[in-house]
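Structure, as structure tokens:
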Ligand SMILES: Cc1cc2nc3c(=O)[nH]c(=O)nc-3n(C[C@H](O)[C@H](O)[C@H](O)COP(=O)(O)OP(=O)(O)OC[C@H]3O[C@@H](n4cnc5c(N)ncnc54)[C@H](O)[C@@H]3O)c2cc1C
């Protein structure tokens, strides 16, 4: 490994020592690949844009004050502290050279080049605004800890501002919450905002009545939770209505601004909802590293940025490069945690076999363990190997599965305590909302990427005109 100012070392990557495995990403694919190499005679370097692993399925609970960010985002370094063959490096991968077999990462202007013998790319996906990135200013997505904390600040802040307002129209605007996208994240988010307004906050204010808050869940598709089938989707829609969520389907978002959202309905009518808080839970775009790899290998990259991989999750002509999780496109596999976990473990197994001179395994086969989404406390939908559950049974299943996959003993205990506070009682343990949460992202985008480096002793990156200035992940 070389650190800046540096250039990739030329020549073959192998040094004659233990094979070097570089893993990009500390999410589900990357972390489970690293752990599966625990006993392999290799040196693993895991490069992550953030210093934590993130359990994305529970981000909505951080946004709505149920859990703290620490419970769903353990430090990757701590998770791997006993794995002697693994090293964790903070940095955003900006370059991959498949010929020189090197990966280049940067953090605060410091550039590092990592040579590899085997590479696992698991950089996941970000939010997609379907070509309307300007919506992001007013409707944050739900992809990172920063996103969840910003939304928490915006949601709780809207109630605070409503308590101060005199104009009824302004109070209505502040107490209207619009969630775009009726997939699992949107449904969970809308359900939790409704519970927050109707249960948690109902006695906390003197001038406003939080139970009058309007929560709207909208989607251009005609159904809720399309991946769960018509029956469960319909059940979820009815339950959402019961807990006070207005579900508007066939509604396409055409504009978003500070004061509200513009929608075009199926009949072509354009209308507007005035709402202070907008949440974007629609659409994903795979990491730009997919396109970078596509350019070097000729592998197809689809509109969502996913790179087509071989049946063994490698790239054409590069059996040493494995792409797993949300970035990989194979047989229409869904973008879910289990695909990434199983893909990461499969890639680790292929690496172990190659090193031991054993025959490669057959093609990657995804074992679909099922889909789940919560709607409110005590109510969820689950589709497990064709068996469909709804209501309390599904919610208990959801609870057990999520606890099982939360990483770390400490996190499991505190998560159970916080769930008890929110689901058995009315409270929320994590209601802190700071100005930094609400304004930090937009302020950083405004001052540009050189700012953080200049204030922390890092090297200042050169910014060229027209460059994308949005770095949306937290360390
Ligand atoms: C809000 C939300 C809710 C979800 N709910 C569910 C659910 O209930 N059930 C389910 O199965 N799935 C759910 N998913 C999907 C699931 O989380 C993803 O499918 C899964 O995380 C994909 O794993 P991955 O390893 O491909 O990517 P990720 O887990 O996203 O990990 C990508 C990693 O790469 C890092 N990274 C990105 N770019 C770079 C770079 N250039 N350099 C270095 N590091 C980089 C990121 O920081 C991150 O650590 C949800 C996703 C979201 C956003």
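Extension gain, residue 445-residue 359: 0.36 nm per intervening residue step, less the Cα-Cα distance, totals 26.0 nm. Building the convex hull from the alpha-carbon atoms of segment 133-217 and averaging its projection over directions returns 5.8 nm². Here, segment 300-368 has an Rg and a Dmax of 11.7, 38 Å when only alpha carbons are counted.
Using the Cβ-Cβ distance between residue 202 and residue 366 with R0 = 45 Å, the FRET efficiency computed as 1/(1 + (r/R0)^6) comes to roughly 0.55.
All Cα-Cα separations within segment 360-465 were binned at 5 Å from zero, giving a P(r) of 2, 9, 11, 12, 11, 10, 10, 10, 12, 9, 4, 0, each value a whole percent of the pairs.
If you take the beta carbon distance between residue 81 and residue 267 as r and set R0 to 45 Å, what does 1/(1 + (r/R0)^6) give as a FRET efficiency, to the nearest 0.05? After rounding, the FRET efficiency stands at 0.20. Relative to the dominant Cα principal axis of the chain, helix 145-164 is inclined by about 20°. If the chain linking residue 331 and residue 456 were pulled fully straight, counting 0.36 nm for each residue of separation and taking away their Cα-Cα distance, it would gain 40.5 nm.
The angle between the Cα long axis of helix 229-242 and the longest principal axis of the Cα atoms of the chain comes to about 40 degrees, rounded to the nearest 10. Normalised by the number of residues in segment 151-289, the mean separation of alpha-carbon contacts (under 8 Å, six or more apart) gives a relative contact order of 29 percent.
Within segment 133-281, antiparallel bridges make up roughly 40 percent of the DSSP beta bridges whose residues both belong there. Overall, the anisotropy analysis places segment 133-281 in the prolate class: the square-rooted eigenvalues a ≥ b ≥ c of its C-alpha gyration tensor yield a/c not less than 1.5, with a/b exceeding b/c.
Residues 318, 52, 446, 418, arranged from fewest to most other Cβ atoms within 10 angstrom of their Cβ, appear as 446, 318, 418, 52. Compared with the dominant principal axis of the Cα atoms in the chain, helix 184-195 is inclined by about 40°. What FRET efficiency comes out for residue 405 versus residue 169 if R0 is 35 angstrom and r is the Cβ-Cβ distance? Round to the nearest 0.05. It comes to 0.20.
Would the chain count as rounded, prolate or oblate if I go by the C-alpha gyration tensor, calling it rounded below 1.5 in a/c and otherwise prolate when a/b exceeds b/c, oblate otherwise? Verdict is prolate for the chain. Label sites at residue 234 and residue 436, each approximated as a point 7 angstrom past Cα along Cα to Cβ, lie 5.0 nm apart. Placing a pseudo-label 7 Å from each Cα along the Cα-to-Cβ vector at residue 258 and residue 300 gives an inter-label distance of 4.5 nm. I want to make sure I understand the PRE zone here: with the label point 7 angstrom from the Cα of residue 38 toward its beta carbon, which residues in segment 320-356 have backbone N atoms less than 18 Å away? The answer is 341-353. What shape does segment 54-154 have by the C-alpha gyration tensor, where a ≥ b ≥ c are the square roots of the eigenvalues, rounded means a/c under 1.5, and otherwise prolate means a/b greater than b/c and oblate the rest? Judged from the Cα gyration tensor, segment 54-154 comes out oblate (a/c at least 1.5, b/c at or above a/b).
In percent, rounded to a whole number, the relative contact order of the chain is 19, using alpha-carbon pairs under 8 Å and six or more apart. What separates the Cα centres of segment 84-114 and segment 284-298 is a distance of 17 Å. Of all DSSP bridge pairs formed entirely within the chain, close to 55 percent run antiparallel.
Bear in mind that the values in this text are calculations on the coordinates, not laboratory data. The model shown is predicted, which means the values in this text are computed figures rather than measured ones. All Cβ positions, even for glycine, are placed from backbone atoms using ideal geometry, and neighbour counts span all protein chains on display.
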